[in-house]
Amino acid sequence: MSWSLWALVLGFCLDLILGDPHGWPHPVVAIGKLISLLERGLRRILPATAKGENLAGGILWVLVTSISAGVPALLLWGCHLVSPWLRLAAESVMCWQILATKSLKAESMKVYSALAAGDTEGARQAVSMIVGRDTARLDEAGIARAAVETVAENTSDGVIAPMVFLALGGAPLGFFYKAVNTMDSMLGYVEPPYKNVGLVPAKMDDVMNFLPARFSALLMLAAGGLLGMRAKDGWRIFCRDRYNHASPNSAQTESVCAGLMGLRLAGDAWYHGVLHKKPYIGDAVREVAPEDIPGVCRLLYGTALLALPVCLAMGVLLRWVIQLL
């Protein structure tokens, strides 16, 4: 199992250097296609009732997570039979594909670049690639706010939480987490046709992210302090606003970010043409500006760099306990 920790280090470095090259095949895309295929099949087999769709969502969750974890486990087992070094190389690539630090920064900085150039429509298009809300109504401040929010939230979902799962169970557990997260992203909506079939995926995502989201928030608070941000306000807003979201986890890192940067995030948003009334997170010490996008990216990188040694220590401790047992 110690090979997996070395693979995490190498994969983390590959992610920071290469990010997610466009045009390369990506396992998460395959997971997404598997979800769509199984969803269509289960909808045809099971009755189109609330109970039938709930059952479809549950079966879907079990099948997708089992396949997503089982396939890389078998591949790594086969690589190890050939050579431990081949297994290390394969798992390092898997870890690189699971982490999203550089790609999260790169995609959000496209929004910043468009705003800085005065291209509001281009900024709307860029931010629509990284958020689930409708973007057609967003002004420049709303676009910048959406970008800051998604970086803050995905610091946990896209970087720290996957890193925790990778440290504890290697690439198979990492892909298990990515499957859980991808199902929530694709199906976890309260509007039809996802309201019922997405219930189990959404709830299981809440369960799997409960501890990692809070761990990520504390790491972000520490990183913000090291970067000279408003650490006291970060803690205050975290304690006050970390449940100002329909999800029990999404506002954990958002609240820390809002306090550290002196921003008011969240609020009402449109999804699939429906206005969702949402509470604010943070205090409006100042208006959100395009320059806050590179600012939150620095916070993302600081949190990720702080998380790596902590996660490695967790992995070493777990392996030591297993050896004792």
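FYI, it's all coordinate maths here, none of it is from the lab. From a predicted model like this one, the values you see are computed outputs, not experimental measurements. A quick note on method: Cβ atoms are made from the backbone with ideal geometry, for glycine too, and the neighbour counts reach across all protein chains shown.
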In the structure shown, do any of LYS33/LYS278; LYS102/LYS178; LYS195/LYS278; LYS33/LYS105; LYS203/LYS232; LYS105/LYS278 have a Cα-Cα gap over 28 Å, and if so which? LYS33/LYS278; LYS203/LYS232
Taking the chain and counting helices only, DSSP H stretches of n ≥ 4 at -39,500 (n - 2.57) each over all residues, the nearest-500 ellipticity at 222 nm comes to -25000 deg cm²/dmol
Would you work out if segment 192-325 is rounded, prolate or oblate? Take a ≥ b ≥ c from the square roots of the eigenvalues of the alpha-carbon gyration tensor; rounded if a/c is under 1.5, else prolate when a/b is larger than b/c, oblate otherwise. oblate
Distance between the C-alpha centers of segment 21-79 and segment 182-244? Whole Å please. 23
Ranking LEU55, LEU263, VAL197 by how far each Cα lies towards the positive end of the charge dipole of the chain (+1 on Lys and Arg Cβ, -1 on Asp and Glu Cβ), the top one is LEU55
Name the long-range amide H neighbours of ALA269: under 5 Å, sequence gap of 5 or more, or other chain; modelled H, no Pro or chain starts. HIS276, LYS278
In whole Hz, what ³J(HN,Hα) sequence does segment 141-158 give by Karplus (6.51, -1.76, 1.60; θ = phi - 60°), x for Gly and Pro? 5, x, 5, 4, 4, 4, 5, 4, 4, 5, 5, 4, 5, 7, 4, 7, 5, x
By the C-alpha gyration tensor axes a ≥ b ≥ c (rounded if a/c is under 1.5, else prolate when a/b exceeds b/c, else oblate), the shape of segment 134-257 is oblate
Which one of GLY267, GLY57, GLY174 has the biggest mean-square fluctuation once the chain is modelled by GNM with Cα springs under 10 Å? GLY267
So what are the ³J(HN,Hα) numbers for segment 91-102, from phi and the Karplus equation (6.51, -1.76, 1.60; θ = phi - 60°), rounded to whole Hz, Gly and Pro as x? 6, 4, 5, 4, 4, 4, 6, 7, 7, 9, 5, 5
For the chain, just say rounded, prolate or oblate: build the C-alpha gyration tensor, square-root its eigenvalues into a ≥ b ≥ c, call rounded for a/c under 1.5, and beyond that prolate if a/b exceeds b/c, oblate if not. oblate
